[in-house]
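K.L.:
Handing you this structure, nothing more for now.
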Amino acid sequence: MRPFRHVLRYWLNGEATVRVRHLAVGEAINGVKRRGFVALAGGAVGGWMTSAHAQAMPVIGYLGSETQERYASRLEAFRKGLEEAGFVEGRNVAVEYEWAEGQYNRLPALAKVLVDRRPAVIVAAGGAQMALAAKAATTTIPIVFEMGGDPVALGVVGSLSRPGGNLTGVSSLSVEVSRKRLEFLRDLRPATPKFAVAINPASPTSGAQLQNLQTAAEVLGVQLDVLKASTEPEFAPMFAAVRGGGAGGLVFSSDPYFAYRSQQLAALAVRHAVPAITQSRDFPLAGGLMSYGGDFGQSHRQSGLYAGRILKGEKPSELAVQRVTRVELFINLRAANDLGIVFPAALLGSADRVIE
């Protein structure tokens with residue numbers, strides 16, 4: 001009668017990795033018939049093999065500022081990038097998510113939770129806040145960020161071409177083109193002397209964006225009313241202030257908190273009859289006037305591709321930060337008609353999409 005260890009080695013093709021006592025089969029099964037024992041042992045080995053397979057699957061830790069529902073379109077693009085690198089979630093890579101649900105002050109703790117799980121790579125997507133929280137949590141686990149600001153100016157990396165350390169990622173032009181949104185509104189209402197600007201004081205890029213907008217306002221010869229909002233209850237009073245203050249429109253600075261609440265902001269813009277422009281295409285798609293910002297589909301896809309390349313062994317320090325230079329303009333003509341606004345033909349012709 002063969003020892004139990006020989007049975008295991010046969011089923012594992014000569015590569016048994018589980019230590020067992022050297023008991024005879026009869027001793028191990030305590031009188032159970034051999035056929036029943038074989039089925040039992042086979043199931044046990046199958047379970048061990050499944051567990052070993054799960055442990056061998058690489059894990060990505062994903063840090064997000066909102067909820068999975070609000071990230072749906074971004075996650076779709078991220079998974080496309082992963083697939084381009086040869087990884088499919090649930091098949092040969094696992095992704096563990098931590099969501100801040102719009103509460104940025106939770107990001108440092110959530111980043112630490114991911115670090116404690118020791119994933120192969122952390123993806124911090126959706127803004128500078130995620131990148132900074134992840135960077136503060138670990139200096140060893142590779143991090144792929146996705147943001148609209150300048151990662152060098154924010155201290156996330158030392159260089160775009162050779163970031164060094166454990167971080168690399170993707171940056172779009174959403175923050176840099178904030179001033180163009182003011183220019184677009186001025187083109188629509190050239191006789192208006194004043195416009196309002198929405199700033200999220202909790203954003204690490206808010207100061208630089210406000211400075212750029214104020215510089216643009218001086219060039220255009222218009223005044224700015226600076227309105228601050230970092231919570232949803234502040235949105236409605238902000239739109240009311242635009243109407244009450246006589247501003248010709250509302251320009252939103254680039255911020256993920258605003259971008260992920262495009263439907264709510266569009267509904268308020270319609271209710272208060274305020275011409276407004278944001279960074280996200282989701283705003284005009286939901287009924288707002290227009291948007292101008294980076295192509296988030298490309299930037300999130302690139303973050304997935306970089307995560308996959310790191311899983312294959314590339315080092316983040318040697319992967320240059322990718323700059324997504326495509327900027328998209330969306331216009332909602334129905335909203336324009338309701339507001340009594342006529343778009344210049346040249347502006348309509350340059351739009352990536354006109355919603356009628």
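K.L.:
What is the number of the single condition among (1) at pLDDT below 95; (2) outside the structural domain of Gly126 (by TED's automatic domain parsing) that Gly164 does not meet?
P.N.:
(2)
K.L.:
Among the residues of segment 70-99, which ones are under 12 Å from the mean Cα position of the chain (by Cα) and either surrounded by fewer than 18 Cβ atoms within 10 Å (Cβ to Cβ) or outside any strand (DSSP E or B) (or both)?
P.N.:
Listed by number, the residues that qualify are Arg70, Tyr71, Ala72, Ser73, Arg74, Leu75, Glu76, Ala77, Phe78, Arg79, Tyr97.
K.L.:
Being of a type in the set (Asp, Glu), at pLDDT 95 or above and in a helix (DSSP H, G or I) is the requirement here; does Glu66 meet it? Walk me through how you get there before you give the answer.
P.N.:
Numbers: of a type in the set (Asp, Glu): yes; at pLDDT 95 or above: yes; in a helix (DSSP H, G or I): no.
Taking the combined requirement at face value, the residue does not satisfy it.
K.L.:
Every residue in segment 97-113 that is touching a helix residue (DSSP H, G or I) at 6+ places or on another chain (Cβ under 7 Å) and modelled with pLDDT under 95, please.
P.N.:
Gly102, Tyr104
K.L.:
Check segment 264-273 and report whether any residue there is in contact with a Lys or Arg (Cβ under 8 Å, 6 or more places away or on another chain) and surrounded by fewer than 23 Cβ atoms within 10 Å (Cβ to Cβ). Walk me through it before giving the result.
P.N.:
Looking only at segment 264-273, we keep the residues that are in contact with a Lys or Arg (Cβ under 8 Å, 6 or more places away or on another chain), and these are 272-273.
Of the ones still in play, those that are also surrounded by fewer than 23 Cβ atoms within 10 Å (Cβ to Cβ) are 272-273.
Yes, there is a match, as at least one residue in segment 264-273 is in contact with a Lys or Arg (Cβ under 8 Å, 6 or more places away or on another chain) and surrounded by fewer than 23 Cβ atoms within 10 Å (Cβ to Cβ).
K.L.:
In addition: Inside segment 215-258, can you point out the residues that are under 19 Å from Ser65 (Cα atoms), surrounded by fewer than 19 Cβ atoms within 10 Å (Cβ to Cβ) and touching a Gly at 6+ places or on another chain (Cβ under 9 Å)?
P.N.:
Hits for segment 215-258 are Thr231, Glu232.
K.L.:
Right, something else. Kindly provide the set of residues from segment 269-295 that are of a type in the set (Lys, Arg) and either modelled with pLDDT under 95 or more than 20 Å from Ala247 (Cα to Cα) (or both), ordered by number. Talk me through it step by step, then tell me what you get.
P.N.:
Looking only at segment 269-295, we keep the residues that are of a type in the set (Lys, Arg), and these are 271, 281.
Listed by number, the list holds a single entry, Arg281.
K.L.:
Okay, moving on. Identify, from the list Val157, Val152, the residue that is over 12 Å from the mean Cα position of the chain (by Cα) and surrounded by fewer than 17 Cβ atoms within 10 Å (Cβ to Cβ).
P.N.:
Working: Val157 fails: surrounded by fewer than 17 Cβ atoms within 10 Å (Cβ to Cβ).
It is Val152.
The values are calculated or read from the model by the stated rules, or taken from the named source; none is laboratory data. Since the structure is predicted, the reported quantities are computational estimates derived from the model, not experimental observations. Every residue, glycine among them, receives a Cβ derived from its backbone with ideal geometry; neighbour counts consider all protein chains shown.
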